[in-house]
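What follows draws every value from the coordinates through simple rules; no lab data is involved. Nothing here was measured: the structure is a model prediction, and the numbers come from that model. Heads up, the Cβs are rebuilt from the backbone with ideal geometry, glycines too, and the neighbour counts pull from every protein chain shown.
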Amino acid sequence: MAILTVLHTADLHNRLTEAATQRLKVLREQQGALLLDSGDALSVPNVLVPLFAPTVLRRMNQAGYAAMALGNREYFFRRAILIREMAPAQFTVLTANLRAFKGDLGPIRPWTILSSAQGDKVGIFGLTPTMIQPGVWWERLSDMRFVPWEQAAAEAVQTLRPQVQWLIALSHLTLGESTQLAKTFPEIDLVLGGHSHPEEAQVREVGQVTVCCPPPYGEAVIKLRSQQPAPPSPFESETIPLP
């Protein structure tokens, strides 16, 4: 029987401590887990460009993150600067609903397929809050466009579900939108949310899809584990405080 273990953080806002980094690394190695983040790892405002690589990306590399969603804090309206800003990440950065007018977003991908500790295929796609509505004047300043997240999710599910044993959405949408995502696409096993900054970890079942959102600032990580009889799969959850 397939087993998947996931460790989930969100909204680190450049506050991931060295002690928390080491704790995440040990947990990941001990549990054979995929370490995933749902965005807003950075703290820089969207109209500014950091002069130096943010500490949080270096620590996420050290912890062994496999993928993260592009959050609103990571977004920048010019493609080249966005790519440069996220270049220090040695893990996959995902956004399915942001598209370049010409070319692609370099190493930033709409989705990826990873392997679990047991070698099962895990499809993961990312969703970013719409920072500039399509067709408005401000879009002229950008060389990228947001498409509706529902459209992007439909494309991701259609592409990934036939190829994988597990399907995960890394969503930096609101918790309400992440819940709607689970209702609309019951083919997803797990919706890992962010952006909402709950005081305590939120884990809920939406039909047969598990939706969760951890507290911000690296205060805790949610551990999710499932023995998959057939997709979508029930997950056991545990909130683990971080030092």
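Couple of notes before you dig in:
- Looking across segment 117-163, the residues that are closer than 27 Å to D11 by Cα and assigned to a loop (DSSP other than H, G, I, E, B) come down to A117, T128, P129, T130, M131, I132, Q133, P134, S142, D143, V147, P148.
- Scanning segment 86-118 for residues that are among the aromatic types (F, W, Y) and either touching a residue at least 60 places away in the same chain (Cβ under 8 Å) or over 18 Å from L36 (Cβ atoms) (or both) turns up just one, F101.
- Options G218, G194; residue that is within 25 Å of V26 (Cα to Cα) and in contact with an Asp or Glu (Cβ under 6 Å, 6 or more places away or on another chain): G194
- Cross-chain or 6+ apart pairs with Cβ under 7 Å, segment 27-43 first and at positive phi and in a loop (DSSP other than H, G, I, E, B), then surrounded by fewer than 24 Cβ atoms within 10 Å (Cβ to Cβ) and of a type in the set (K, R): D40/R73
- Selection status of A96, over 23 Å from T174 (Cβ atoms) and among the small types (G, A, S): no
- Residue identified as touching a Leu at 6+ places or on another chain (Cβ under 8 Å), surrounded by fewer than 22 Cβ atoms within 10 Å (Cβ to Cβ) and not small (G, A, S) among L192, L181, L242: L242
- Within segment 55-76, the residues that satisfy the criterion of being in contact with a Leu (Cβ under 9 Å, 6 or more places away or on another chain), in contact (Cβ under 8 Å) with a residue 60 or more places away in the chain and part of a loop (DSSP other than H, G, I, E, B) are L70, G71, R73.
- Scope segment 153-166; condition crowded, with 20+ Cβ neighbours inside 10 Å and in contact with a Phe, Trp or Tyr (Cβ under 8 Å, 6 or more places away or on another chain); matching residues: A153, A156, V157, L160
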